[in-house]
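Inspection log for the structure reproduced underneath, given as structure tokens.
The values are calculated or read from the model by the stated rules, or taken from the named source; none is laboratory data. Note that the coordinates shown come from a computational prediction; the quantities given were computed from them, not determined experimentally. Cβ placement follows ideal geometry from the backbone for every residue including glycine, while neighbour counts extend to all protein chains displayed. When the accessible area is computed, the model is the full protein with side chains, heavy atoms only, and any ligands, DNA or RNA have been set aside. Shrake-Rupley method; radii C 1.70, N 1.55, O 1.52, S 1.80 Å.
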Amino acid sequence: MKELAKRYTAVHQRIQQAAEAAGRDPADITLVAVTKTWPAEVIAAAYDLGMRHFGENRAEELAEKHPFLENQFGINSGIVWHFIGTVQSRKAATVADYADVFHAVDRFKIANRLQQQLAKNGRSLPIFIEVNISGEGSKAGFDCNQWETDATQQTALRKVVQSLQTMPTLPLHGLMTMAPWGAPEPEIRTVFERTRQLATWLQEEMRLKRPLALSMGMTDDFELAIAAGATHIRVGRALFGDRHPSFK
Ligand SMILES: *Cc1c(COP(=O)(O)O)cnc(C)c1O
């Protein structure tokens, strides 16, 4: 608990400094504490320290931890559950039941599955479209590695947004991206910058009423993401240490 408090303070300071350096208000940056692999008791400790946004990437884990935290802190706890990973379509219904924000719409099929279940529940789920800017084959998300010049990629993006506009249960909140693994700093910076430019382009192109939020930046690179305009950073290891040993 003491260790967690120390780490939380350190992450806060990093956010503060990065925001200041970028001339931004730190209050405009949401820290999503990535609790995947950690037991619900760890989330409860994080809650007691003041954390409210939690990120999970497995439907089963979310379905276990959500009720646990609700029992402990009530339905008005203020907890916001972010689902941050790719989801298999047969598990989309679980995500629709328990998540409050979904960061990784990477194909139409998932949007459809989510929508069906949300309609049943009478809920809506704000979403981020996941975009693959770096072009790394291992990355999920819509292909956007040449979005500035590639008409096919641009058309695909317009179509995604148009489809989502017909799904009122899935309000489009922003774009999500992942930096290339272990890439040099300038390359990571470029990926984040290009994601922000893509968000601006889409907003104008699709005449969106509000700017798109930007979910980007993790433990090793969130300062770069904040410099490029991130509104949501997803931080695991800097808060909780390396993944829980039982992580498979
Ligand atoms: C695990 C994970 C994170 C957090 O990564 P850390 O390096 O632990 O900060 C962020 N985003 C996604 C999609 C993840 O799966």
Could you point to the residue in 203, 217, 228 farthest towards the positive end of region 172-248's charge dipole, with +1 and -1 charges on the Cβ of Lys/Arg and Asp/Glu respectively?
-> 203
Relative contact order for region 40-125, counting Cα pairs under 8 Å that sit 6 or more residues apart, in percent | 27 percent
The alpha-carbon center of region 133-172 and that of region 175-204 are separated, in whole Å, by 13 Å
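Mind running the shape call on the chain? Use the C-alpha gyration tensor, a ≥ b ≥ c as the square roots of the eigenvalues: rounded below 1.5 for a/c, prolate if a/b tops b/c, oblate otherwise.
Details: a/c = 1.71, a/b = 1.16, b/c = 1.47.
Oblate.
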How many nm is it between the label spots at residue 100 and residue 6, if each spot is 7 Å from the Cα in line with the beta carbon?
-> 3.0 nm
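If exposed chymotrypsin sites (Phe, Trp or Tyr not before Pro) are those in a DSSP loop with at most 16 other Cβ within 10 Å, what is the longest stretch of the chain that has none?
Values: sites that count: 181, 247.
Answer - 1-180.
Pairs to check: 109/209; 91/120; 36/139; 6/36; 36/159; 36/120. Give those whose C-alpha atoms are more than 24 Å from each other in this structure.
Values: 109/209 26 Å; 91/120 15 Å; 36/139 19 Å; 6/36 20 Å; 36/159 32 Å; 36/120 27 Å.
Pairs exceeding the cut-off: 109/209; 36/159; 36/120.
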Quick one: accessible area per residue over region 1-66, 1.4 Å probe, rounded to a whole number of Å²?
-> 50 Å²
Quick one: grab the alpha carbon gyration tensor of region 25-121, order the square roots of its eigenvalues as a ≥ b ≥ c, and give me rounded if a/c is under 1.5, else prolate or oblate depending on whether a/b is larger than b/c.
-> prolate
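Rolling a 1.4 Å sphere over the protein heavy atoms, what is the accessible area per residue of region 126-222, to the nearest Å²? Walk me through the intermediate numbers first.
Details: 4760 Å² over 97 residues.
I get 49 Å² per residue for this part.
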Could you please state how large a percent of the accessible area of the chain is carbon and sulfur, counting protein chains only and using a 1.4 Å probe?
-> 49 percent
